[in-house]
1. Please give, to one decimal in nm, the separation of the simple spin-label points placed at residue 212 and residue 122, each 7 Å out from Cα toward the Cβ.
2. Can you return the lysines within cross-link range of residue 197? Criterion is Cα-Cα under 27 Å, with same-chain partners fewer than 8 residues away left out.
3. Can you quote the Å³ per residue value for the convex hull of the Cα atoms in the chain, rounded to an integer?
4. Helix 175-197 against the longest principal axis of the chain: what's the angle in degrees, Cα atoms only, rounded to the nearest 10?
5. Calculate the dipole size of the stretch 191-303 relative to its Cα centre from +1 charges on Lys and Arg beta carbons and -1 charges on Asp and Glu beta carbons; express the result in debye to the nearest 20.
6. What does the charge count around residue 250 come to, taking other residues whose C-beta lies under 11 Å from its C-beta (Lys +1, Arg +1, Asp -1, Glu -1)?
7. Quick one: length gained pulling residue 46 to residue 223 fully straight, 0.36 nm per residue minus the C-alpha distance?
8. Could you give the length gained on full extension between residue 150 and residue 268, defined as 0.36 nm per residue of separation minus the Cα-Cα distance, in nm?
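Laboratory data are not the source of any read-out in this text; all were calculated from the coordinates shown. Only a predicted model underlies this, so the values are computations on that prediction, with no experimental measurement involved. Using ideal geometry, Cβ is built from the backbone for each residue, glycine included, and neighbour counts are taken over all protein chains shown.
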Amino acid sequence: MAGDNQTVSEYIVHHLTNLTYGRLPEGFERTNAEGGIEKIGQGGSWVMAHGAEEIAAMGFFAIHVDSMLWSIGLGALFCWFFFRQSRRVSAESPSGSIALVEMIVEFVDNTVKDTFHGKNALIAPLALTIFVWVFLMNLMDLIPVDLIPWALSTGIETIGFVGVEYQKIVPSTDPNITMGMAVGVFILMLFYSIKVKRFGFVKELTMNPFNHPLFIPVNLFMETVGLLAKPFSLGLRLFGNMYAGEMIFILIAALFSAGLLWVLPAAILQIGWAIFHILVITLQAFIFMVLTIVYLSMAHEDH
């Protein structure tokens, strides 16, 4: 928590820094576990970053280990849970977890039927995966911001992995995760646009909104901007909302270090924001799913 030789600003920056693995360039000087200066040798070195300066030096190919592990782990949990419930389905009235899964599947299926106007067996499973996966990633935001980072950093230092105390447990607050999912949807949009519309996709880009050969450059520019805006709006909307929510949780948590008078107000604020945030995390998962369905529906519309 804030206060252990940290200012509020340092506390916030610490909680917004990813556990990063990457290649430090040759000649880079870093502080080692003993507090001395270590110079990276020839060819560079792949290491865990000990701070923002090292993360910046690692460049584009650095890997956010925490975001990768938490997102993949939550995806695996979703697949295991739904598969397990599917094996338990019977002709009897569902109850408990089976009823929950059936409600989610029915909700997503009805949304796809109302929104998607083409024929594609991939859309409903894709929509279900996106909704549940994004919801689970967002749900991690309700866990106290200091709990898991403190527990993991303590365990890591116990086994001698000193200096890797950073841990962000909400993958959807990482633009690499949200934009990665958005790019995946964008690739599907392009694939089905070409597959369904064929040459009509080229005409769509070059002859709209002005149906005249002289306006092809203008049409192409406008349609390309509109096409590229879809994955950016999809990924950045989710990231922006979840990042802002996480920031508020961190700011409230920092109040606990302001003195005993702030403990009760901070606790009330935490509970209140968590209750409201349940709506936010569900709504953001739903919006991401619906926009994916709409964009893929547009890719299947061959006029």
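1. 3.9 nm
2. Partners found: 113, 119, 230.
3. Details: hull volume 60.8 nm³, N = 303.
So the per-residue hull volume is 201 Å³.
4. Relative to the chain, helix 175-197 is tipped by roughly 10 degrees.
5. Dipole magnitude for the stretch 191-303 comes out near 200 debye.
6. Values: positive: 168; negative: 141, 146, 246.
With Lys, Arg at +1 and Asp, Glu at -1, the neighbours total -2.
7. 59.5 nm
8. So the chain would gain 40.2 nm between residue 150 and residue 268.
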